[in-house]
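Throughout, read-outs are computed from the coordinates displayed, never taken from laboratory work. On a predicted model such as this, the values are computed, not experimentally measured, just so you know. Note: ideal-geometry Cβ built from the backbone for every residue, glycine included; neighbour counts use all protein chains shown.
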Amino acid sequence: MALRLHNTLGRELQEFVPLNDKQVGLYCCGPTVYNYAHIGNLRTYVFEDVLRRTLEYLGYTVRHVMNVTDVGHLTDDGDEGEDKMIVGARERGMTVWQIAEHFAEAFFSDLDELNIVRPSVICKATDHIDEMQQLVAKLEARDLTYESGGNVYFATDNFRGYGELALLDRQELKAGARIEVDDQKKNPRDFVLWFTRSKFGHQAMLWDSPWGKGYPGWHLECSAMSMKYLGESFDIHCGGVDHINVHHTNEIAQTEGATGHPSVAYWLHGEFLIMDTGRMGKSEGNAVTLKTVKKRGFKPLDYRYYLFGAHYRTQLTFSWEALSGARNARLAFNDRVAGLAKAAGGPDGTPVGELGSPARTAREAMVESISDDMNIPKALGQLWALMKDDSVPAADRLGVALNMDSVLGLRLSDVAAGGAAVLPEDLAALISEREQARARKDFARADELRDELRQRGVLVEDTASGTTWKLV
Ligand code: AMP
Ligand code: ZN
């Protein structure tokens, strides 16, 4: 069953054919570590994790590279505004190096809690300044740069095919209005490769370079690091949809400008998580973090399960009610898994090769769904249907659930082994009600609910990192 992926380059579903047999090179733009990731950012990382798991499930070996941006990303994706790292450091009274370390650690801990497999290579921009400078020198030698006002710019007019990914020729009229005009630029779409004299004088991280002491433009790091770790041409590059127009368009210009041949075969972009008030963002002031999700009594895996309700290319509007629904569904799902493990007489289930015919057919249908541009909502629906089908032996149903979990990443083998306690819906609702009472500082009501839960066998504890519960 061939894997089909939606390639932004061409805007169509295409059969996935790797450049090197079963070895896949995958590059995912990582976080700018100036603040906590919000759950919108995390949606993109869950989508990328599901992609990696799907590839591995289908028998590919994946080299997954992720950068960490710790310099040069301005508050506007063009060349306007301040370096986000400086803003973050000022707000928290820390150095840029301290906030980089702090937020990178927080980010990877969020990934672990969401059961996102760590990338094979994690690379920091500030560790690759030499590679970035070498890339600028290559572009300079190919007449793709100019210096103006103290900065080195990429000359988009000299790169044939600029903007193909973003279909810029079709968008030009619309987009022209949105571009800030920097009078140092020959074309408004040109972008900075190396800043020496910038609009703000207090950049904390500076490096010597042939063009003067300065620091790299944001787009440069992803071209330099993807080439270093995956080669000049590789299979898949991912990010959120906001990166199509500027960041990824400029990455293509830099990489292909330097090498003279195509860089990435498949570009995949995840749609946004939005709030009912509009786009979720750190600058919009409506960013929800995983910490807040936990404080409200949810598990990170409830959020992962919630995301599986929508295809990655569909915009998803976040609400606490919908997250509550997903938590209840996940608890019911875990309940089934635990029940099947009990009925099957052990936590393992039937190995895939020995499945009886109905379970095998159901699994094949799920593999077909994930092969269809990772249709996880459909695969999950099919898995639910199988789990409820009492005509199929419990061990077979469990075997399929555990097998598909290598793509879903819901830690079902812990559930089957009895490692994860399952909380019935009505008790989960009481915990959530107690969280809401605490949030509005109604401690009397929160205490009442704690007592009620205690009587029903659930011990609730409030810790610095949120509320935990255990069955007693
Ligand atoms: P940043 O740290 O801002 O560079 O963003 C990290 C990743 O999150 C990028 O791949 C963005 O495209 C993605 N992203 C940003 N906002 C959202 C959102 N609201 N929903 C989904 N992905 C997002
Ligand atoms: Zn990038």
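The listed peptides 88-94, 251-257, ordered by packing as a protection proxy, come out as 251-257, 88-94 (highest mean of other Cβ atoms within 10 Å first).
Is the shape of the range 80-157 rounded, prolate or oblate, going by the alpha carbon gyration tensor and its root eigenvalues a ≥ b ≥ c, with a/c under 1.5 for rounded and a/b larger than b/c for prolate?
oblate
For the chain, averaging the sequence separation of C-alpha pairs within contact (under 8 Å, six or more residues apart) and dividing by the residue count gives a relative contact order of 17 percent. Taking 17 Å as the straight-line reach from the Cα of Lys342, the lysines in range (excluding those fewer than 8 positions away in the same chain) are Lys388.
Rounded to the nearest 10 degrees, the angle from helix 376-388 to the longest Cα principal axis of the chain is 10 degrees. Per residue, the average separation of C-alpha pairs within less than 8 Å and at least 6 apart gives the range 425-471 a relative contact order of 24 percent. Each peptide in 206-216, 260-270 was scored by the mean count of other Cβ atoms within 10 Å over its residues; highest first, the order is 260-270, 206-216. In straight-distance terms, cross-link reach from Lys228 covers every one of the aspartates and glutamates whose alpha-carbon lies under 15 Å from its own, apart from those fewer than eight places away in the same chain; here that gives Asp127, Asp130, Glu131, Glu251, Glu256. For helix 39-57, what angle does its Cα long axis make with the longest principal axis of the chain, in degrees from 0 to 90 and rounded to 10? With both axes taken from Cα atoms, the answer is about 80 degrees. Once you order the gyration tensor axes a ≥ b ≥ c over the Cα atoms, which shape class does the range 1-159 get: rounded for a/c under 1.5, otherwise prolate or oblate by comparing a/b with b/c? Since a/c reaches 1.5 but b/c is at least a/b, the shape of the range 1-159 is classed as oblate.
For Lys294, which lysines qualify as cross-link partners when the Cα separation must be under 27 Å and same-chain residues fewer than eight apart are set aside? Here the lysines satisfying the reach criterion relative to Lys294 are Lys84, Lys282, Lys441, Lys470. For the peptides 281-294, 153-166, residues were scored by their other Cβ atoms within 10 Å and the scores averaged per peptide; the highest-first order is 153-166, 281-294. Which shape class applies to the range 4-270: rounded if a/c is under 1.5, otherwise prolate when a/b exceeds b/c and oblate if not, where a ≥ b ≥ c are the square roots of the Cα gyration tensor eigenvalues? Note, shape of the range 4-270 comes out oblate. For the range 213-230, putting each phi into the Karplus relation 6.51 cos²θ - 1.76 cosθ + 1.60 with θ = phi - 60° gives couplings of 5, x, 8, x, x, 4, 5, 4, 4, 5, 5, 5, 6, 5, 5, 5, 9, 10 Hz, in residue order, rounded to whole numbers and with x for Gly and Pro. Seen against the Cα atoms of the chain and their longest principal axis, helix 425-439 is set at about 50 degrees.
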